[in-house]
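Participant: So that we are looking at the same thing, I have put the structure below in structure tokens.
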Amino acid sequence: MLLRSNSRYINIANILISKGDSEKAIEYFFKSLKIGEELDNKTLISDSFINIGITYMNQGFYGKAMEFFNKSLKIKEKLGEIAREATIYGNIASLYIKLADSLSSVHEQPNTKKLATSYYDSALFFGNKAYLISLDINAIPLQKKISSVLTKAYKQLGRYDDALNFSEIFIATSNIIFNEEKIKAITEMQTKYETEKKQQEIEKQQLVIEKQEIDNRRQRNQRNFFIVGTFFLALLALVIFRGYQQKKKSNAIITEKNVLLEQANEEIAAQRDLVTEQKEHIEEIHGELTASIRYARRIQGAVLPSPVQMNELLGNHFVLFKPKDIVSGDFYWATRVRNYLVFCVADCTGHGVPGAFMSMLGVSFLNDIVHKESVTSAADVLNHLRDSVIGALKQRGEGSEQKDGMDMGLCVINTETKQMQFAGGYNPCWVIPNPEFSNSRIFNVNEEEESGIIQLKPDKMPIAIHKHMEPYTNHLLQLYPGDQVYLMSDGFQDQFGGSQGKKFMVKNLRELMLSNSKLTMDQQCSALDEALEEWMDGVEQVDDITVLGYKINEKEL
């Protein structure tokens, strides 16, 4: 009973903290402490000390927070709870960081600056103790939290190499946690999809069996009806033969036959109703499967960069993203590594659920290649990605093998030199240059300028196993403020429509982009969307459509 009350007090306190009422939350943490003392439960007591210390620290009562952290630490050391000791060391390190930051407004005074330095040193002492324990017990989330604290402390003390080291640890542990959650979500979604698909197949097979049973039953009824009818006809002939005296009896028999006929008709109607009910059941299953795929769209949306993240990374840009089905085989992705801005648009094999699986694999591999392996050459990113796709799908190049993979265009911009690398597998890159700088650019032999657009040609190799596999070409182009860079899948140019029901075609898309280049990025996105809707005019979308546009601004680079 007391344990349930303790959990209830902790939940109430956490809710109050989320609403900003820390003072009221403290009261409930003390109630939880009292229950721990009544039960003489050292673990509950020490956990209550931690909760109270954290709350006091967030309120700015650093002395009280330190008092409760030390109380909890003594108990954890006696109990031998190593993981919780590390957590407390981390909290104490965070507390010293807050103490040092609270002196930031008076750091210029010698005594105060010396005191702030001592606080940062203390934060390093306790933070490193926590980090070493987290390594021993392989506590990845704790490593992530402590590395953030140590990064700040080292940075404030001017130890930038150590700060850089722990910032890289923070990024690495964040990626590990993100990938574990992502892989878990993908596995759960795939398992659910396969289970529901198998259940649907079972129910379909059951429906076929039930329909066959209905047909057999109807045939038996018809045969029985024929036998019964024949019998009564013979009986009627016998009655007539016997004469008028048996007329009433024969009429009664005929009446009974009519009743049997009505019953047979009712049974046939009931069978028809059963078939109708089963049809509705199949429609319900279809609705549930559609709902499951809509949920998968939420998972895919979580994997793709959010609009806020895209704005932080690219700034002045737009993304026209129109999946053919609920989930998409197209995807876009962007990140920043040191002084390199990396972004791409990819078109995975197929669309719908299979394409979505491939898109999430692609995002996962790109994160590993760029962040973990620190690959910043556009061609090398595609080379590594192709190896990852071939390995993940176990492709051997056999004739009967499914040709799964993706087409991609990927750009890497050095934000200091403004030089852009581009590598592509079937997907090109278009650049509309600022005319003020058009005479001082760097071109590779595989680049050409046509009708005011610089076209960076892709290699004719997918990101997958292929009969001709060579390293991807790394194009180099000098960018200047006002230049506009575009990546796209082939969905827009391959869309059927117009008065003659033909494809939109690459040439028309290039002219459309050039005519819209004077508009803002948001206006260009709207203009492309309106042009596509006018072209389709009710025609079904044939593929996923993605177009990414990015304008080079001086302040962004």
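Participant: Taking neighbour counts of Cβ atoms within 10 Å as a proxy for exposure, in what order, fewest first, do Asp325, Asp544, Asp121 appear?
Facilitator: With the fewest neighbours first, Asp325, Asp544, Asp121 line up as Asp121, Asp325, Asp544.
Participant: Would you grab the residues whose amide H sits under 5 Å from the one on Cys429? Only those 5+ places off in sequence or on another chain, please, with H modelled 1.01 Å from N.
Facilitator: Correct list: Leu456.
Participant: Check the straight Cα-Cα distances from Lys257 and name the lysines below 18 Å, setting aside those fewer than 8 residues away within the same chain.
Facilitator: The qualifying lysines are Lys247, Lys248, Lys249.
Participant: From the cross-link list Lys76/Lys184; Lys372/Lys507; Lys24/Lys78; Lys457/Lys551; Lys322/Lys394, which pairs have alpha carbons spaced over 28 Å apart?
Facilitator: Lys76/Lys184; Lys372/Lys507; Lys24/Lys78; Lys322/Lys394
Participant: Follow-up question, since we're still on this one. Going highest first, how would you order 513-522, 143-152, 212-221 by mean Cβ packing within 10 Å?
Facilitator: 143-152, 513-522, 212-221
Participant: When Met469, Met408, Met488, Met420 are ordered from fewest to most other Cβ atoms inside 10 Å of their Cβ, what list results?
Facilitator: So the ranking, lowest neighbour count to highest, is Met469, Met420, Met488, Met408.
Participant: Here's a follow-up. What does the C-alpha gyration tensor say about the overall shape of the stretch 339-433? Classify as rounded when a/c is under 1.5, otherwise prolate if a/b is larger than b/c, or oblate.
Facilitator: prolate
Participant: If you don't mind, there's one more thing I want to ask. Quickly rank 156-167, 48-59 as a protection proxy: mean count of other C-beta atoms within 10 Å, highest first.
Facilitator: By packing density, highest mean first, the sequence is 48-59, 156-167.
Participant: Could you tell me the distance between the Cα centroids of the stretch 18-76 and the stretch 481-516, to the nearest Å?
Facilitator: A separation of 62 Å, based on Cα centres.
Participant: Same structure again: Based on the Cβ-Cβ distance of Ala172 and Asp121, what FRET efficiency does E = 1/(1 + (r/R0)^6) give at R0 = 30 Å, to the nearest 0.05?
Facilitator: 0.70
Participant: Next question. Using a Förster radius of 30 Å, what is the FRET efficiency between Ala83 and Arg4 based on their Cβ-Cβ separation? Nearest 0.05, please.
Facilitator: For Ala83 and Arg4, the calculated efficiency is 0.75.
Participant: Just report the Cα centroid separation between the stretch 413-433 and the stretch 346-382, whole Å.
Facilitator: With the stretch 413-433 and the stretch 346-382 each reduced to a Cα centre, they are spaced 18 Å.
Participant: Within the stretch 448-557, list the GluC sites (Glu not before Pro) lying in a DSSP loop whose Cβ has at most 10 other Cβ atoms in a 10 Å radius.
Facilitator: Passing sites in the stretch 448-557 are Glu540, Glu554.
Participant: Spin-label point model (7 Å from Cα, Cβ direction): what's the Glu530 to Leu261 distance in nm?
Facilitator: Using points 7 Å along Cα→Cβ, the separation is 7.1 nm.
Participant: Quick one: which residues, 5+ away or cross-chain, put their amide H under 5 Å from the amide H of Val542? H built at 1.01 Å from N.
Facilitator: Phe496
Participant: May I pose another question? Considering only Cα-Cα distances, which of the following residue pairs are longer than 31 Å: Lys460/Lys503; Lys324/Lys403; Lys31/Lys98; Lys467/Lys518?
Facilitator: Pairs exceeding the cut-off: Lys467/Lys518.
All of the numbers you see were taken from the coordinates with simple rules; none came from a lab. All figures in this text were calculated on a predicted structure; none of them were measured in a lab. FYI the Cβ positions are ideal-geometry reconstructions off the backbone, even for glycines, and counts take in every protein chain you see.
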